[in-house]
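Just below is one structure, and these are the notes that go with it.
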Amino acid sequence: MKLKRILGLGVATALLGALSAGTATAQEQRFVSVGTGGVTGVYYPVGGALCRLVNQTRRDHGIRCSVESTGGSVFNVNAIRGGDLEFGVVQSDVQYNAFNGEASFADTGAHEDLRSVFSLHAEPLTIVARAGANVSAFDDLKGKRVNIGNPGSGQRALMDLLIEEKGWTNADFALAAELAPAEQSAALCDNNIDAFAYTVGHPAGSIEEATTTCDSVIVPVEGDVVDRLVEESPYYFKAVIPGGMYRGTEEDVNTFGVGATLVTSANVPEDVVYTLVQSVFENFDSFTDLHPALENLTPEEMISQGNSAPMHPGAERYYQEQGWLE
Ligand code: GLU
C-alpha cells in the first residue's frame, strides 16, 4: 500500500485505519521510525524498547513506531535531516557537531532543524584487541590492523578525530578496516584484524561476542589528547569500563566517551514527540528494565545532560507539565 508522506511522517490513508481490525476510531495511523545502529549494539535494543512502549498505547494515539538498524549516529542525523527518519539515537558529540555544522558536518552545514528529546546511557570508547596482538594501550594500535568503524557510525567520527589529534593518518595502520559492528567480532577472532574501536553502552552484544568467541581484552584510552578533549568539550567525559563485565578483562579500564541521545526534527509534529516522551516516562521502570545499559538513568539527568540542540517543543511541554523544566 502506498503511504503519503506528510511533514516527514508516513500517514496512511483512512482506508488503512478502517481496515485495521479492532481500531474503534477512524484515527489516522501515523508511522514513525527510530534510527539506531547495528543489531549487536545497544541503540538497537534501546530503540526497540522505545517503540514497544509507544506501540502499547497505539489505540489511543494512532502512532505506530518501528525500529531500524542503521549505520549509526552520523547516518541517523543525516536521515532525519532528509526526512527519512523521524527519530534517531545519536552520540552527544554528533548531535553537537550536526547542529553547529562542525567536524564531519562542516561540508553540509548546520542542521538547524535538529531537536533534542532526551539523553540516554553513557558510551565509552571501547577498544577491543585480540590477546597476543600486543595491544595494551591506544598508541599500540599504530602499525596494526584496526577496525576504525563504518562510515556513518559514531565510532568512526570519534576515531577520525583521535587519529587527527594524534597527528596520525589511516596510513599509520597496517589496515584501517571499515567494518560494521556486526562484522567486527568475527573479524577479530578470525585474525583478520588485531583490534576494533566501538563507542557503545555496556554490556553490548558485540563486545560479549568478541570476548567469548576468542581471547581478547579491553584496552585503555588515556593520555594528553584525551585530557584535552575532555577539558575542551562538554560532551566528552572520562569513563570506566567495569572490570569483570567481560571475560578476559578483570580490572577496570580507563577510557573516555560520550552520551547517547535521542533526537528528532523540528518538522515532526508536537503531539508525536509528546506521545513518545510520555510513553517512556510514564513507564519509566519498564523502560530502564528493558536493557541493563539503561539501568541507572534518571529523568532529571536525561533532560539536563548531553543535549546541545534545542529541545523539541513536544518534549518540552511534557517536562514542563511534570515540573521538571521551568
Ligand atoms: N555509538 C554508535 C554510533 O553512534 C552506536 C552504538 C550502538 O549501536 O549501540 O554509531
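Every number in this text was worked out from the coordinates using simple rules, so none of it is lab data. Given the structure is predicted, the values throughout are model-derived calculations rather than measurements. Because the Cβ atoms are built from the backbone with ideal geometry, glycine has one as well, and the counts that use them run over all protein chains shown.
Computed over neighbours whose Cβ is under 10 Å from that of residue 173, the net charge equals +1, Lys and Arg +1, Asp and Glu -1.
Taking 0.36 nm per residue of sequence separation and removing the Cα-Cα distance, the residue 326/residue 289 pair yields an extension gain of 10.4 nm. Using the Cβ-Cβ distance between residue 142 and residue 28 with R0 = 56 Å, the FRET efficiency computed as 1/(1 + (r/R0)^6) comes to roughly 0.50. Taking 101, 223, 167 in turn, the Gaussian network model of the chain (Cα-Cα springs below 10 Å) assigns the largest fluctuation to 167. Computed over neighbours whose Cβ is under 12 Å from that of residue 312, the net charge equals -3, Lys and Arg +1, Asp and Glu -1. In this structure, the amide hydrogen of residue 216, modeled 1.01 Å from its nitrogen in the peptide plane, lies closer than 5 angstrom to those of 131, counting only residues at least 5 positions away or on a different chain. Could you tell me the center-to-center distance, by alpha carbons, between the range 279-296 and the range 156-203 in angstrom? Their Cα centres are 31 Å away from one another. Normalising the average separation of contacting C-alpha pairs (under 8 angstrom, six or more residues apart) by the number of residues puts the relative contact order of the chain at 22 percent.
Whole-Hz Karplus values for the range 206-216 come out as 4, 6, 4, 4, 5, 8, 9, 6, 8, 7, 8 Hz, taken residue by residue from phi with 6.51 cos²θ - 1.76 cosθ + 1.60 and θ = phi - 60°; glycine and proline positions read x. Each Lys or Arg adds one and each Asp or Glu subtracts one; over the other residues with Cβ under 15 Å from the Cβ of residue 286, this totals -3. Per-residue 3J(HN,Hα) values for the range 192-204, derived from phi via the Karplus relation 6.51 cos²θ - 1.76 cosθ + 1.60 with θ = phi - 60°, read 8, 9, 9, 7, 9, 10, 9, 8, 7, x, 10, x, 10 Hz in sequence order (x marks Gly and Pro). Residue farthest toward the positive end of the dipole of the chain, with Cβ of Lys/Arg at +1 and Asp/Glu at -1: which of 74, 169, 279? Towards the positive end, the residue furthest out is 279. By DSSP, the beta bridges lying fully in the chain are antiparallel in about 70 percent of cases. Grab the beta carbon distance between residue 300 and residue 190, set R0 = 56 Å, and tell me the FRET efficiency rounded to 0.05. With R0 = 56 Å, the Cβ-Cβ based efficiency is 0.80.
Amide H contacts for residue 32 (H built 1.01 Å from N in the peptide plane; partners 5 or more residues away or on another chain; cut-off under 5 Å): 64, 65, 66. Loop-located GluC sites (Glu not before Pro) across the range 201-278 with a Cβ neighbour count of 13 or fewer within 10 Å are 250, 251, with loop assigned by DSSP. A full extension of the chain between residue 55 and residue 282 corresponds to an added length of 80.4 nm, given 0.36 nm per residue minus the alpha carbon distance. Residues considered: 175, 114, 262. Largest GNM mean-square fluctuation over the chain, using C-alpha springs under 10 Å, is found at 175.
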